Amino acid sequence: MTVAQNTVTPAMLRARIVGSEQTPRLGLSAADSEIILRLGGHVGSEIECYSVLGRAMEQARAHIRMAEQAGRTAAGGTVILADCLAGSKGRFTRNWHAPIGGIWGCLLLPDGLLDRARMLLPLTLGMACCEMVREQGISQAAVRWVNDVLVDGRKLAGFLVEGYRAPLSGENWFLLGFGINVNNTTFPAELSASAVSLSQLLGRSLDLPALTASFLARLAWNIGLLLYQEQQDLMVLPDDSGPACHLVLDRWRSLSDTLGRRVLYGYNVEQQPQYRARVVDIRPDGALVMRLDDGHCLTEYSGEVRYC
Amino acid sequence: MSEQIDFDEIFARYRSDPYEYVDVRAAHTGRVALRVQEGDVVAAPSGEWDQIPGTRLFEITRERNTKPVSAKTNGTVSFLAGELEGQFVEAGTRLLTIRHPLKKKEIIEGILKEVLDLFPAPERAKYFFALDIQSRIEKKGARSIVIRPGDEIIIMSLMKRDTPVYYSGKPGVIYSVYFEPGVSVAQGAPLIGVCSEEKLPLIQKIITKVKADWDKFGSSESD
């Protein structure tokens, strides 16, 4: 059996979190930061590293099923990593190229979120990646709604969240799939103009396990932030008034360049583009508000945009 | 679907009153400013993407945040809680009712919704059939697809989060599909209508009868 190259351990991740994540951020007190780290602390509680997989999502489903068959529950926060994916795919019928050199994997989270946090969960992936990329000195990296990470118009990373119901227990899980181009430098012809990797941008190879740990540490923080926000919502929402805490969205806004942009929108924008509009707002639940050329606004809760 | 349904009674009801009465309620607490009067004709959203709001019905203000509420369906205001003008109301308070004239297609759908097992949308989201179901529909048509409880039939897509939706109703064929790929469905709105295979002829009989009765009825509404 081939030994996996992108090997990250929970201990490496903890060290990364303690080393650089424990400084108060976003104007939060040290005590609140500690709460956030604790809330996200289950991310990477177990990490499985493979040299090759078909799809990380499929491995995650198998992992949950096997745990059930053994009479236990899979650990929330389990991360599955693979050096390369032989059967990876993007949304719809799109290709996703996942050769050796990238960060390919999946995070397993039990579905214990309230509605708004559930809506915002996919944002945390793009936020974590964008933070990690900017930390490498690529300040122009930005998130495109919902969670693609682009650098100068080229896609560096893509993410997809899938739900899964465990067959025996009926427990619901979120499978957070991630794909980040790092040391891989060649892309299929159809992606060569639109994709880019970190090593292409920096002109050097990067320490893949260290970078993976950095991404997971930031994902742990942002998921902790989401859970912290949920706690704040519960504390200040005695009735049906709107949410008071916008920590996740505030952070997303600071990392995204989507607001104010003219976009082409579609549920499957590449195959069935629907309309052109200007992005004017993002709602507290993450929905995108766009103004059409006739001056009327539409709010979209799913789908995707391309800048134009 | 129950055998006990009195179809004649249903037909008679639609014949005597071919309207749907849509109550519009306060979505949350607040002070109400009504913008229509009883008898006013109101328009539904329009435009290629339904981006042009329907007729403004009222505004509701809470903590200096004013929210306009527009008609989601066309029709006539048949009831207006005029005494609530300028008053502070609770969430759920009925403010007005729109009498919406039903077209033949809507009547057929309305009757079918009474006799089919409806499977509702769990969240406001966009929906599409699971790949396996979709390929079977493309080959054979939805009405030949038998689904059973526990089957993964539909994918719910929300904020780039795709969640399988498992069927939980009675076994049967997918008779009606109420969603379109790429179009948002409100929480609780039906996604599909299902009936058992042996009752398919009965459903067809209902549709034939409605169409025949409609023509005899001689309504000016068209489908």
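The values are calculated or read from the model by the stated rules, or taken from the named source; none is laboratory data. Source: prediction; values computed, not measured. Cβ atoms come from the backbone with ideal geometry, glycine included; neighbour counts cover every protein chain shown.
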TODO: Please determine, by comparing only the residues of region B:62-88 that are of a type in the set (Lys, Arg) and exposed (fewer than 14 other Cβ atoms within 10 Å of the Cβ), which one is nearest to the chain's Cα centre (by Cα).
DONE: B:Lys67
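Of all residues being of a type in the set (S, T, N, Q) and part of a loop (DSSP other than H, G, I, E, B) in region A:259-308, which is surrounded by the fewest Cβ atoms within 10 Å (Cβ to Cβ)? Just the residue, please.
Once the filter is applied, the top-ranked residue is A:Gln271.
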TODO: Starting from residues that are more than 14 Å from every other protein chain (Cβ to nearest Cβ) and charged (D, E, K, R), keep the ones in region A:124-154 and report whichever is nearest to A:Arg94 (Cα to Cα).
DONE: A:Arg154
- [ ] Kindly list, by first and then second residue, each pair from a residue in region A:105-125 that is surrounded by 24 or more Cβ atoms within 10 Å (Cβ to Cβ) to a residue that is part of a strand (DSSP E or B) and small (Gly, Ala, Ser), limited to pairs with Cβ atoms under 6 Å and residues at least 6 apart or on different chains.
- [x] A:Cys106/A:Gly177
Task: Pick from region A:128-153, criterion assigned to a helix (DSSP H, G or I) and among the charged types (D, E, K, R), ranking: nearest to A:Tyr267 (Cα to Cα) - done: A:Glu131
Task: Looking only at region A:162-184, and only at residues there that are more than 21 Å from A:Ile223 (Cβ to Cβ) and in contact (Cβ under 8 Å) with a residue 24 or more places away in the chain, the one that is nearest to the other protein chains (Cβ to nearest Cβ) - done: A:Pro167
- [ ] State yes or no: is B:Phe11 within 14 Å of chain A (Cβ to nearest Cβ) and among the aromatic types (Phe, Trp, Tyr)?
- [x] no
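Just checking, which of A:Gly170, A:Gly153, A:Gly137 is out of contact with any Leu (no Cβ under 9 Å at 6 or more places or on another chain) and modelled with pLDDT of 95 or more?
Testing whether each residue is out of contact with any Leu (no Cβ under 9 Å at 6 or more places or on another chain) and modelled with pLDDT of 95 or more leaves just A:Gly153.
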Task: Scan of region B:166-179 for residues that are within 14 Å of chain A (Cβ to nearest Cβ) and closer than 21 Å to B:Trp49 by Cα, ordered by number - done: B:Phe179
Open item on the list: Just to be sure I understand, how many residues within region B:180-199 are away from chain A (no Cβ under 12 Å) and either among the hydroxyl-bearing types (Ser, Thr, Tyr) or out of contact with any Ser or Thr (no Cβ under 6 Å at 6 or more places or on another chain) (or both)?
Closed with: 11
- [ ] Answer yes or no as to whether A:Phe159 is within 14 Å of another protein chain (Cβ to nearest Cβ), of a type outside the set (Gly, Ala, Ser) and either outside any helix (DSSP H, G or I) or touching a strand residue (DSSP E or B) at 6+ places or on another chain (Cβ under 6 Å) (or both).
- [x] yes
TODO: Output the residue which, of all residues in region B:44-61 that are outside any loop (DSSP other than H, G, I, E, B) and surrounded by fewer than 17 Cβ atoms within 10 Å (Cβ to Cβ), is nearest to the other protein chains (Cβ to nearest Cβ).
DONE: B:Ile52
Task: Residue that is surrounded by the fewest Cβ atoms within 10 Å (Cβ to Cβ), among those in region B:145-163 that are within 11 Å of chain A (Cβ to nearest Cβ) and farther than 11 Å from B:Pro122 by Cβ - done: B:Gly150
